[in-house]
Amino acid sequence: MSTSKLVEIPEPLAASYARAFGEEGQAWIAALPALVEELLDRWELTADGASASGEASLVLPVLRTDGTRAVLKLQLPREETSAAITGLRTWNGHGVVRLLDHDPRSSTMLLERLDASRTLASVEDDDAAMGVLAGLLARLVSVPAPRGLRGLGDIAGAMLEEVPRAVAALADPADRRLLNDWASAVAELAGEPGDRMLHWDLHYGNVLAAEREPWLAIDPEPLAGDPGFDLWPALDSRWDDIVAQRDVVRVVRRRFDLLTEVLGLDRARAAGWTYGRLLQNALWDIEDGSAALDPAAVTLAQALRGH
């Protein structure tokens, strides 16, 4: 079967790359079929199904010569891609998808194949799902970050520099006060940013069913820092369902209690770094033209305040 038939570039992925990276992104998309063909040949892989795409990557199921089921994950080489490879190599499959091989030039990863059709969001009992996620996260953040990985201290410093401009862009005085509150929490913690290896995006959708273990984490964006900075994606998981149940405060607080207990975190520090994630998200939104804080972020912050 020809590679061109195997690699159908989804239009949303092509459009995303064109929008985010311009001519560089378009050139990378155009070169994808040839890159896939080269790697299939070099690693002696056989395509085992149609390609699919994530937010920033193309994924192709493959078979190795010994029959092992795997996937090729291809995305534009960037700092985040290199960090992911570093993280996966360091974790070595403990609580996370296993990196089988990688191509340093293109940053392509050969990963063990998990069940992409079944995420942790399929577990209806929220306590059970959050317990699985907390257990995985505890294993991941128990690992010291290797040298050279991006650090939370630098990220926190850069965020604090952006706050005055961001505050001025908000229309509602209540939003301005809240953004300043989040920045104050980060300023108090920035001197001790931590040295654990964080996943940075561990929510229900980034935990897949597996054969080697019942559940494994995928798609890390490794960062060196305090584990408290890693809680927001979990707290925000399945947010629309929480809102629909009209029980946001109880669910957020129950999740926060479970996460901090399993990870053994100081609750005040964990809350402070969670405000840091809300600050980071808000700064990104404001940079994109928003003049108001995300209502979900405001609600989540209110649920944690004083808890």
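The values are calculated or read from the model by the stated rules, or taken from the named source; none is laboratory data. Note that the coordinates shown come from a computational prediction; the quantities given were computed from them, not determined experimentally. Glycine gets a Cβ as well: all are built from the backbone with ideal geometry, and neighbour counts include every protein chain shown.
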Subject >> Pairs where the first residue, in the range 208-229, is without any contact (Cβ under 8 Å) to a residue 60 or more places away in the chain and within 18 Å of L265 (Cβ to Cβ) and the second is among the hydrophobic types (A, V, I, L, M, F, W, C) and in a loop (DSSP other than H, G, I, E, B), C-beta under 6 Å, 6+ apart >> reply: G228/L265
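Step by step: first the residues of the range 241-274, then only those that are of a type in the set (D, E, K, R) and either outside any helix (DSSP H, G or I) or under 19 Å from the mean Cα position of the chain (by Cα) (or both), then the one that is nearest to G191 (Cα to Cα). Which residue is that?
Narrowing the range 241-274 to residues of a type in the set (D, E, K, R): 241, 246-247, 250, 253-255, 257, 261, 266-267, 269.
Remaining after also requiring either outside any helix (DSSP H, G or I) or under 19 Å from the mean Cα position of the chain (by Cα) (or both): 246-247, 255, 266.
On the way: R246: 38, D247: 35, R255: 27, D266: 16 Å.
Across the range 241-274, the extreme among qualifying residues is D266.
Residue-wise test of (1) assigned to a loop (DSSP other than H, G, I, E, B); (2) loosely packed, with under 15 Cβ neighbours inside 10 Å; (3) in the same structural domain as D41 (by TED's automatic domain parsing).
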residue	(1), (2), (3)
T86	no, no, yes
H102	no, no, yes
A128	no, yes, no
L136	no, no, no
G148	yes, yes, no
A168	no, yes, no
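Every residue, every condition in (1) over 23 Å from L208 (Cα atoms); (2) free of Cβ contacts under 8 Å to residues at least 24 places away in the same chain, yes or no:
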| site | (1), (2) |
| --- | --- |
| W28 | yes, no |
| W43 | yes, no |
| G49 | no, yes |
| G67 | no, yes |
| A70 | no, no |
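For the condition assigned to a loop (DSSP other than H, G, I, E, B) and farther than 29 Å from L149 by Cα, what is the one hit in A34, A50, A121, A15?
Numbers: A34 fails: assigned to a loop (DSSP other than H, G, I, E, B); A121 fails: assigned to a loop (DSSP other than H, G, I, E, B); A15 fails: assigned to a loop (DSSP other than H, G, I, E, B).
One residue alone meets the criteria, A50.
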**OP:** Just need a number here: residues in the range 291-307 that are part of a loop (DSSP other than H, G, I, E, B) and buried (at least 17 other Cβ atoms within 10 Å of the Cβ).
**Re:** 1
Subject >> Set R277, R250, R246: member being in the same structural domain as R150 (by TED's automatic domain parsing), without any contact (Cβ under 8 Å) to a residue 60 or more places away in the chain, under 18 Å from M197 (Cβ atoms) and charged (D, E, K, R) >> reply: R277
Original post:
From the set of residues in the range 55-65 that are at pLDDT 90 or above and either of a type in the set (A, V, I, L, M) or in a strand (DSSP E or B) (or both), which is farthest from R212 (Cα to Cα)?
Top reply: L58
**OP:** Would you check if there is a residue in the range 205-228 being within 19 Å of L278 (Cβ to Cβ), aromatic (F, W, Y) and modelled with pLDDT of 95 or more?
**Re:** no
